[in-house]
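The values are calculated or read from the model by the stated rules, or taken from the named source; none is laboratory data. Not measured: the values here are computed from a predicted model. Cβ placement follows ideal geometry from the backbone for every residue including glycine, while neighbour counts extend to all protein chains displayed.
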Amino acid sequence: MDNLLEIRWHGRGGQGAKTASLLLADAAFNTGKYIQGFPEYGPERMGAPITAYNRISSKPITIHSNIYEPDYVVVVDDTLLESVDVTSGLKETGAIVINTTKSADYLRKVLKGYKGEIYTIDARKISEEALGRYFPNTPMLAAIVKVSKIMTDEELLNDMKGSFKHKFAKKPEVIEGNMKALELALKEVKKI
Amino acid sequence: MGIRERLSGNEAAATAMRQINPDVVAAFPITPSTEIPQYFSTFVANGSVDTEFVAVESEHSAMSACIGAEAAGARAMTATSANGLSLMWEMIYIASSLRLPIVMSLVNRAVSGPLNIHNDHSDAMGVRDSGWIMLFSENNQEAYDNLIMAHKIAENENVLLPLMVCQDGFITSHSIENIELIEDEKVKEFVGTYKPKHYLLNKEEPIAVGPLDLQSYLFEHKAMQAEAMKNAKQVILDVAKDFEKMTGRKYGFFEEYKLEDSEIAIVCMNSTAGTTKYVVDKLRSKGIKAGLLKLRVFRPFPAEEIAKALANQKAIAILDKADSLNAAGSALFQDVTSAMYVNNKHVPAVNYVYGIGGRDTKADDIEKVYDDLLEIVKTGKIDNPYRYFGLRKEGDK
């Protein structure tokens, strides 16, 4: 991977899209890449639409604008599909990954004929099964890694184990659940 | 070899402060620099620094506390943004006129009003004539490196001026990126111990600091400040040389990016320079001779050096991330064009005000500036030298 890879995250305040973008940056950094992870700060509050970004490259990254023509888009909350133009500028050679249980027909319609690949994952089911609560960001992180092939499943799992140990030093009981959420998500993300 | 890390610009600034381990940090939180004193206070709490952290009730007090500490003979640092700097205003001038080498991390943000928390350079431009040395940083690495070099410049006995290190709010302060850190011991050795010649707590030499200074002396004292600012130029270069020996990273007054053989060039500061490099590479691949002069040292202003570096361009654009609202052109434009005129270098020049209040600066916007420069070269005409990009016009979305 020589070229610059650009990813845009769409979520709602409180769902962890910003955290997921920072975790992805971390994981890619640990595989030796140059990375950027940054949210677009606005008047954030719980439930409001938010955007976060990642750039990943094997070379130093100098560009410092938002991302307008992403290779990949991650949609953490499918209620955004009808209010936010999530495929805006999305490359047709790329893909969109959506946390949803909605039908393929609905998705194709709401994505206004986007010609690239569309992947779905039920992050709610995975999160509730693995963690007992709804935290969509961990499954979505695994899903975008799987789809974009930024790193192998194994690299992701090894790296995140270290990150979770650090991040959840004060509540180690959630580490296992988060690892399980990653593993399930790697298996369950599928192309429609 | 340094330490490969990934940090936000604010984390990078706080890390530099931890490694510098100043005697006093006094700060009041304000977006987007809040994280700097926040992270630093955790370093104080966990004992990784032995700094006296003064959690003051306002920025005016933050700067006052730094002045008191520095005058007493201590090394003092602070961080702020926008209106925080505005509230320091009175004390900013006092810090420099008392010749106190305080170091500030300024995370640039639009000064109200109306209220805006995002990036532009209106805060920094407001204090450009206050007698502070001002360094600008393209990314987290430069924000860190500039802070590591700061005390050696500011505390030099031929300088003794306060210094601020600027970086772009949110754009770099809140973006996680790769960075190469220097080992703690090396920083400690590089920065050295602060040994002021004259200070209040020296019982062998009782002195007064900041007394009344009327018609018979203030002028001479101001001229000495001006002289110190001139002296800072050589010191900045000397410190950069030492820094390069330690890290391999080279710094000067400015970075010339493909400027040697370019015909059209942009002059700008902070993160926009990174985006401009991306555009320069793109244009070069199409055979267009584009270049960039990224200014690092804004105060002292390297007028002669800039004029020389830009002398062979066919047209230049100076980008200002603050509008001087003077019906003539903004601060960096005025400084650069004046430098060219005084040094007898005549190159067609235009000013673009951009990115106000956090308006995103896109690669396309920068490319359009180079297009405009090509047009100027072709026609030899500049209709309006004081213009905008990224500004919506009536009817735009």
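Go through the residues of the range B:229-238 one by one and say whether even a single one is part of a helix (DSSP H, G or I), at pLDDT 95 or above, assigned by TED's automatic domain parsing to the domain that holds residue B:165 and β-branched (Val, Ile, Thr). Within the range B:229-238, one or more residues are part of a helix (DSSP H, G or I), at pLDDT 95 or above, assigned by TED's automatic domain parsing to the domain that holds residue B:165 and β-branched (Val, Ile, Thr).
Pairing residues of the range A:168-186 that are hydroxyl-bearing (Ser, Thr, Tyr) with residues that are at pLDDT 95 or above and not in a loop (DSSP other than H, G, I, E, B), at Cβ distances under 7 Å and at least 6 apart in sequence or on separate chains, gives no pairs at all. Note on the range B:155-195: among residues that are among the acidic types (Asp, Glu) and assigned to a helix (DSSP H, G or I), the one that is nearest to the other protein chains (Cβ to nearest Cβ) is B:184. State yes or no: is residue B:190 modelled with pLDDT of 95 or more and either outside the structural domain of residue B:124 (by TED's automatic domain parsing) or touching a Pro at 6+ places or on another chain (Cβ under 8 Å) (or both)? No, not satisfied.
Within the range A:138-148, does at least one residue satisfy the condition of being polar (S, T, N, Q), closer than 24 Å to residue A:73 by Cα and modelled with pLDDT of 95 or more? Taking every residue of the range A:138-148 in turn, at least one turns out to be polar (S, T, N, Q), closer than 24 Å to residue A:73 by Cα and modelled with pLDDT of 95 or more. With the structure loaded, tell me whether residue B:327 is away from chain A (no Cβ under 14 Å), in a loop (DSSP other than H, G, I, E, B) and on the phi > 0 side of the Ramachandran plot or whether it fails that test. Yes: the conditions hold for residue B:327. For the range B:111-147, a tally of residues being within 13 Å of chain A (Cβ to nearest Cβ), part of a loop (DSSP other than H, G, I, E, B) and over 25 Å from residue B:225 (Cα atoms) returns 7. For the range B:289-314, a residue qualifies if it is within 14 Å of chain A (Cβ to nearest Cβ) and among the polar types (S, T, N, Q), but none of them does. What pairs come up if the first residue lies in the range B:270-288 and is at the interface with chain A (Cβ under 9 Å from one of its Cβ atoms), the second is part of a helix (DSSP H, G or I) and at pLDDT 95 or above, and their beta carbons are under 7 Å apart, counting only those six or more places apart or on different chains? Matching pairs, first to second residue: B:275/B:363; B:275/B:366; B:276/B:366; B:278/B:363; B:279/B:363; B:279/B:366; B:279/B:367; B:279/B:370. In the range A:3-75, counting only strands (runs of 3 or more DSSP E) that sit wholly within it, the ones holding 3 or more residues that are of a type in the set (Val, Ile, Thr) span A:49-57, A:72-75.
When the range A:1-28 is filtered for residues that are within 13 Å of another protein chain (Cβ to nearest Cβ) and acidic (Asp, Glu), the ones remaining, listed by number, are A:6, A:26. Given (1) surrounded by fewer than 16 Cβ atoms within 10 Å (Cβ to Cβ); (2) at pLDDT 95 or above; (3) touching a helix residue (DSSP H, G or I) at 6+ places or on another chain (Cβ under 7 Å), identify the lone condition not met by residue A:182. Of the numbered conditions (1) surrounded by fewer than 16 Cβ atoms within 10 Å (Cβ to Cβ); (2) at pLDDT 95 or above; (3) touching a helix residue (DSSP H, G or I) at 6+ places or on another chain (Cβ under 7 Å), the odd one out for residue A:182 is (1). Tell me, please, whether a residue that is at pLDDT 95 or above, acidic (Asp, Glu) and over 26 Å from residue A:63 (Cα atoms) can be found in the range B:293-308. Scanning the range B:293-308, I find at least one residue that is at pLDDT 95 or above, acidic (Asp, Glu) and over 26 Å from residue A:63 (Cα atoms), so the answer is yes.
Of A:94, A:113, all but one fail to be more than 30 Å from residue A:176 (Cα to Cα) and touching a strand residue (DSSP E or B) at 6+ places or on another chain (Cβ under 9 Å); the exception is A:94. In the range A:119-150, the residue that is nearest to residue A:28 (Cα to Cα) out of those that are surrounded by fewer than 18 Cβ atoms within 10 Å (Cβ to Cβ) and out of contact with any Phe, Trp or Tyr (no Cβ under 9 Å at 6 or more places or on another chain) is A:149. So which residues in the range B:289-324 are assigned to a loop (DSSP other than H, G, I, E, B) and not polar (S, T, N, Q), if there are any at all? Residues satisfying the conditions are B:289, B:296, B:300, B:301, B:302, B:311, B:314, B:321, B:322, B:323. Looking across the range A:29-59, the residues that are at the interface with chain B (Cβ under 10 Å from one of its Cβ atoms), in contact (Cβ under 8 Å) with a residue 24 or more places away in the chain and under 13 Å from the mean Cα position of the chain (by Cα) come down to A:53, A:54, A:55.
Applying a threshold of 9 Å to beta carbon distances and a minimum spacing of six or more residues, or different chains, the list of pairs starting in the range B:96-111 at a residue that is in contact (Cβ under 8 Å) with a residue 24 or more places away in the chain and ending at one that is of a type in the set (Phe, Trp, Tyr) reads B:96/B:132; B:101/B:194; B:102/B:132; B:104/B:132; B:107/B:170; B:108/B:136; B:109/B:170.
Cβ-Cβ contacts under 8 Å between residues 6 or more apart (or on different chains), taken from a first residue in the range B:197-209 that is of a type in the set (Ser, Thr, Tyr) to a second residue that is at pLDDT 95 or above and part of a loop (DSSP other than H, G, I, E, B), are listed as B:199/B:73; B:199/B:207. If the condition is being surrounded by fewer than 22 Cβ atoms within 10 Å (Cβ to Cβ), more than 10 Å from chain A (Cβ to nearest Cβ) and not in a helix (DSSP H, G or I), then the range B:353-373 contributes only B:359. Taking the range A:134-159, which residues are within 19 Å of residue A:32 (Cα to Cα) and either among the small types (Gly, Ala, Ser) or under 14 Å from the mean Cα position of the chain (by Cα) (or both)? Answer for the range A:134-159, where residues must be within 19 Å of residue A:32 (Cα to Cα) and either among the small types (Gly, Ala, Ser) or under 14 Å from the mean Cα position of the chain (by Cα) (or both): A:141, A:142, A:144, A:145, A:146, A:148, A:149, A:150, A:151, A:156. Suppose we filter the range B:1-58 for residues that are in a strand (DSSP E or B) and farther than 25 Å from residue B:118 by Cβ; how many remain? Counting residues in the range B:1-58 that are in a strand (DSSP E or B) and farther than 25 Å from residue B:118 by Cβ gives 10.
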